[in-house]
Amino acid sequence: MPIRMLDYQTRLAMIYRDRPTYSVVWYVGGVGARDEGQHERTDLERHTYLAWRYRVIRLWQLDGEALLALQRPALLALIGQTRLRDPKPILTQAVRQIIASTSGERQAQLLAEFLLLCTDKEISAMAEQIIRYDRYGIPESPLISKWREEGRIEGKEEGRIEGKEEGREEGQLQLLLRLLTQRYGPLSATLTAQVKALTSAQVLDLAAALFDFTSRDDLEAWLVQHG
């Protein structure tokens, strides 16, 4: 990450030469615990010839209310990674903001990311319930309408607990595949097979890693490393 941020900052400095820039890294899933956002390179005589810094935000240390207060729908997809002292009203407000501020494919993408990144099982189940049912004045989103058409929700509501858990994991996999297709276009059969071969934990890891990807090459490299 430090070298990648250096590359980003250099490019921004070349594009916006007369403007100050402010760089922030948002870490999810517990990674980046040792990154303090200050780095330097020294020569053979230990003189610093290059130094750079950026702000580090670790979502697991951030209260969900702080993310809500920013009123940025794109960031609300990350709220399941924050500290949720009273999850239900916070998740409900996050969904309301996403639905009120977005529409169509953009809305479906953010809701999918929102669900994928609620990695705690209880929080994930609560988030699904909030999105699925019109209990809080929230209109049904295109994403949920599509789930209903495919029978995914009905299938998950039938059967035993084991079947529900398998259905939830399958739903997460399908959401991830949809996100990848929206971002990179149709996936090759090889890439699709690699994604489908991931464990449920790796599916969530990849969903979180997507925020750091800049191209399809990053996706392919991640799958090779974790396959």
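Using only Cα coordinates, the Kirkwood hydrodynamic radius of region 1-142 works out to 17.2 Å. The amide H of Arg58, built 1.01 Å from its N in the peptide plane, has Tyr27 as neighbours under 5 Å, considering only residues 5 or more places off or on other chains. If you take the Cα centroid of region 1-55 and the Cα centroid of region 91-106, the two points sit 32 Å apart.
Every number here is computed from the coordinates shown, using simple stated rules; none is lab data. Only a predicted model underlies this, so the values are computations on that prediction, with no experimental measurement involved.
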